[in-house]
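A short worksheet on the structure shown next.
Just so it is clear, none of the values below were taken in a lab; they were calculated from the coordinates. Please read these numbers as outputs of a predicted model, since none were measured by experiment. Cβ: placed from backbone, ideal geometry, glycine included. Neighbour counts: every protein chain shown.
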Amino acid sequence: MNSPLDDAAKSLIRLALREDFGRRGDITTRAFLPAGRAFNARIVFKEDGVLCGARIVDEVFRLAAPGARLRWLAQDGRRLSRGATAARLRGLS
């Protein structure tokens, strides 16, 4: 089922990002990835499991990294094995 996130979920995501980033942005990211630098990342399963929460991840990256491109390689509800890549992300920091 791919229903959109409700307003309460979106509000909670915005609140969590505000708490994480504060006024200065994400300190760890700034320390390791200077602004404007290209990046590639993957979401990888550390153990066997079921993918869930893709819509939440989509919303987080839409708000936190609007220029980033997130490409899902698996759908919510799919069983994935340890080491499987669920998504790829690329963009500018």
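Derived scalar couplings between HN and Hα for segment 48-65 equal 4, x, 10, 6, 8, x, 4, 5, 5, 4, 4, 5, 4, 6, 4, 7, 7, 9 Hz in order, rounded to whole Hz, by the Karplus curve 6.51 cos²θ - 1.76 cosθ + 1.60 (θ = phi - 60°), x for Gly and Pro. Here the spin labels are modelled as points 7 Å beyond Cα on the Cα-Cβ line, and at residue 21 and residue 82 they lie 3.6 nm apart. Stretching residue 58 away from residue 41 to a fully extended chain increases their span by 4.7 nm, per 0.36 nm per residue minus the current alpha-carbon distance. In the chain, the alpha-carbon atoms span a convex hull of 110 Å³ per residue.
Computed packing ranks the peptides 40-51, 56-67 as 56-67, 40-51, most packed first, by mean other Cβ atoms within 10 Å. Close amide H pairs (under 5 Å, H built 1.01 Å from N) link residue 87 with 43, 73, residues at least 5 positions away or on another chain. For residue 80, nonlocal amide neighbours, meaning residues 5 or more places apart or on other chains whose placed amide H falls under 5 Å from its own, are 49, 50, 51.
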